[in-house]
Amino acid sequence: DVCSSDLDYSAVLITGMDKQKTLWVLEATRRKMADVELVDTILEMAASWKITDVISEEVVFQTLLRPLIEQAAIRKGILVNYQTVKRNTNIKKEFRIRSLMPYIQGGRIKMQPRHLDLLSEMRRFPKDHDDLLDALTTAAEKSFPPECTTPLTTKEKREKAKNRWATDEERSEE
């Protein structure tokens, strides 16, 4: 039995995307949970929202949660698709979280007033807990992948810049 004061906070976030490509936070839970309670919370939310994708940081998920979730999901008859995210350790968590700002300010990520813990983390960042913000960063990275995964060559950059200012008539002449 683990003493609750010895536990770290765990965050469970449920998100969904609408047709306008807006990422909605549907559920946001942050509390101190032992392994079994965390697994039960994840599976209860997955069943409640009828979701199948479970995403977690690779290290924690593979060594601790994955076998527990797999066994509990089989017992409860819940189908889940496991996905892991390997963090780039060269990028500080604070910078990853700050990358959410343009999406939130631009209305591409929305949450509801009832998500008190998440809203509190946003107001107090970076001075306090950031568990839900970190989870939201993962959801945003999965939902808004980079448009271009390979760097442009110098020639491609020049062509792109040239075409950006060209009129339709000038483009058709080329």
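Observations
- Nonpolar atom fraction for segment 16-106, defined as the carbon and sulfur part of the 1.4 Å probe accessible area, stands at 54 percent.
- Total formal charge among the other residues, if their Cβ is under 13 angstrom from that of ILE69, Lys/Arg +1 and Asp/Glu -1: -3
- P(r) tail for segment 1-118: Cα pairs beyond 23 Å make up 38% of the total.
- Proximity of backbone amide H atoms, modeled 1.01 Å from N, is registered between THR22 and no other residue at under 5 Å, excluding neighbours fewer than 5 places apart on the same chain.
- Backbone geometry of segment 27-43 corresponds, through the Karplus equation with coefficients 6.51, -1.76 and 1.60 at θ = phi - 60°, to 3J(HN,Hα) couplings of 9, 9, 10, 9, 6, 6, 9, 6, 3, 5, 5, 5, 4, 4, 5, 4, 5 Hz, x marking Gly and Pro.
- Under the Karplus curve 6.51 cos²θ - 1.76 cosθ + 1.60, θ = phi - 60°, whole-Hz ³J(HN,Hα) for segment 83-91, x wherever Gly or Pro sits: 10, 10, 10, 8, 6, 7, 6, 7, 10
- Per residue, in Å², the accessible surface of segment 1-143 once ligands and nucleic acids are set aside, probe 1.4 Å: 62 Å²
- Backbone HN-Hα couplings from phi across segment 97-111 [Karplus 6.51/-1.76/1.60, Hz, Gly and Pro as x]: 5, 5, 5, 6, 3, x, 5, 5, 5, x, x, 7, 10, 10, 9
The values are calculated or read from the model by the stated rules, or taken from the named source; none is laboratory data. If you're wondering where the values come from, they're calculated on a predicted model, not measured in any experiment. Here Cβ is always computed from backbone atoms with ideal geometry, including for glycine, and neighbour counts include all displayed protein chains. The area values use the complete protein model at the heavy-atom level, side chains included, leaving out ligands, DNA and RNA. Shrake-Rupley method; radii C 1.70, N 1.55, O 1.52, S 1.80 Å.
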